Amino acid sequence: MSLEIQNRTIDNREVDNREVELKLSLPPTALAALRQHPLFVAAVLLSSEAVESTYYDTPDFALRSCGIALRLRRAGDIWQQTVKCAAPSTGGLAARPEWEQGWGGHFDFCGVTDARVRTFLVGNAARLTPVFNTRFHRETRCHSVDGARIRLMLDTGEILAGARREPLCELELELDAGAPVDLLRLAEQLAVALPLFPDDRSKAARGYRLCGGATSARGPVRAEAAAIGRKQTPVAAFRELAESCVRQWQANVWGALCDPASDTNPDTDPEYIHQLRVGLRRLRALLRLFAPVLPETFTAIWRRRLGDNARTLGGARDLDVLCDVVLAPVQAACGADHEGLARLSAALETARGAARMEALRHLDLAAQGRLLLAFMVALHSLPDADARRRGALAALVARRLDRARSRVAKRLEEAQQGDPTRLHRLRIACKQLRYGLDFCAPLLRRKAVMRYLKTLVKVQNKLGYLHDVEVARQRLPALAGDVPELAAAAALVLDWHAPCCRKRCKGALRNAKALLAETPPWQR
């Protein structure tokens, strides 16, 4: 069974009848610094108490499958029953439907105002059983400023599922009055001096993973399908698309550094770093696409900051591609007993391991947290000047996609002679057009988009291969150095790819011309 819970988009307006919170991970070593922070000290202490919670589900995790969490919580002598429903979380910020009431010794779902959720819970009440527990100490304080009232809840303890345990140390900011951006601003102020990272994982999600009700790690996170609509204003559409990019960025930072399977070693799944860079590239492409409706300073600042962030991670990805895309097929064709290629492969693997470790050193969790929070504050502070203009989004999309297509045409004309630098510029132009089409696909006819994308992907893949070989052409001689056997192996690799490069270059230019000859889907 699947249950959809309708949620309003989080924006700068107050969100009624929702639990609006921002969850932040905090290393235990930073607890003392948090307690000494002026904002934490100035916040009024409301309570300090031990809290125990038991989460319930059916033996087959029916509630978990429908995005529902049911818990009984005891704080002091007070017992409460809480029902929560899953909701999208971006940068740790979420607005979730929640129903809380006193516990009278048996489950009572009369207070759940969503009829579908209430019916589902009543139907499964007889099968409910405890699945995991949380035990922690909660210190609650109240921060008030300029009409906003925010609860700061510091939780330290553990999650328990049978014999399994996981430490718990997090700071939750919960909105009592004000707008969601007020949570982000407070978090940004705290993060200047504290190693905070926006954490989308609820205690329930962590508990389910611990007890086997969910996979231990979801793995690298790819881009989400766009979900904008024609009735949205351009700024509202931009905000929604940007939040999807932020989710990809945030999830892959966390996976690269905190996935239990990675343990921050060179064998960490390299796809985390790749998908992190994809998320940053998509976000920069989105800034370019919507530039006419965004403040000029916002676009300039964030294109630069996001670009700087992505560039620190590029070396590891280049070596992954060099090993797996450029060298591997040559080894397969020449045989495993080719000593020169084996030595070159070993040297590349060593360099790849070092590059991954360097990328992880650059990928500091606290620094990424500060950047994420700063972007989210800027995003949620954007003015929406087109709020009353109908059709503004469709008109903007058509103009900007036309511009991106014209850029492809210009780069194609420049690349006719097969110069690697100009082919790379054509590749970037095609990638930006593809990202733009991905973002705007919900506004266009699906079949037309899919046909156009099919040709565009052909061009991009062939140009991508040419770029990979060109990177190898630049890096292999330096790696081989003055060792004759390695230099000979490097030359062999490049010679082996040469005929394919010539063929794919012609194919890419031919496909690009065919692409430009098609009527694009936004003009139909």
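Restricting the range 499-521 to residues that are open to solvent by 30 Å² or more (accessible area, probe 1.4 Å) and of a type outside the set (Lys, Arg) leaves a set whose member that is nearest to residue 430 (Cα to Cα) is 516. Scoring residue 331 on the criteria (1) over 18 Å from residue 372 (Cα atoms); (2) touching a residue at least 24 places away in the same chain (Cβ under 8 Å) leaves a single failure, condition (2). Screening 78, 10 for residues that are surrounded by 15 or more Cβ atoms within 10 Å (Cβ to Cβ) and either modelled with pLDDT of 80 or more or not aromatic (Phe, Trp, Tyr) (or both) leaves exactly one candidate, 10. With respect to the conditions (1) open to solvent by less than 70 Å² (accessible area, probe 1.4 Å); (2) in contact with a strand residue (DSSP E or B) (Cβ under 8 Å, 6 or more places away or on another chain); (3) modelled with pLDDT of 90 or more, residue 59 falls short on a single one, namely (1).
Selection of the range 357-379 for residues being touching a residue at least 60 places away in the same chain (Cβ under 8 Å), within 17 Å of the chain's Cα centre (by Cα) and open to solvent by 40 Å² or more (accessible area, probe 1.4 Å) yields 365, 370.
Residues 335, 340, 314: which one is small (Gly, Ala, Ser), over 30 Å from residue 24 (Cβ atoms) and open to solvent by less than 20 Å² (accessible area, probe 1.4 Å)? That would be 340, the only listed residue that is small (Gly, Ala, Ser), over 30 Å from residue 24 (Cβ atoms) and open to solvent by less than 20 Å² (accessible area, probe 1.4 Å).
Within the range 406-459, how many residues are in contact (Cβ under 8 Å) with a residue 24 or more places away in the chain, within 22 Å of residue 474 (Cβ to Cβ) and part of a helix (DSSP H, G or I)? So the answer is 8.
Out of the residues in the range 285-304 that are of a type outside the set (Val, Ile, Thr) and touching a Phe, Trp or Tyr at 6+ places or on another chain (Cβ under 8 Å), state the one that is nearest to residue 348 (Cα to Cα). Going through the qualifying residues, I end up with 285. Scanning the range 185-201 for residues that are in a loop (DSSP other than H, G, I, E, B) and either surrounded by 19 or more Cβ atoms within 10 Å (Cβ to Cβ) or touching a strand residue (DSSP E or B) at 6+ places or on another chain (Cβ under 6 Å) (or both) returns 194, 195, 196, 199, 200.
The values are calculated or read from the model by the stated rules, or taken from the named source; none is laboratory data. These numbers were taken from a predicted model, which means no experiment stands behind them. Note: ideal-geometry Cβ built from the backbone for every residue, glycine included; neighbour counts use all protein chains shown. For the accessible areas, the whole protein counts, side chains as well, though only heavy atoms, and no ligand, DNA or RNA atoms are used. Shrake-Rupley method; radii C 1.70, N 1.55, O 1.52, S 1.80 Å.
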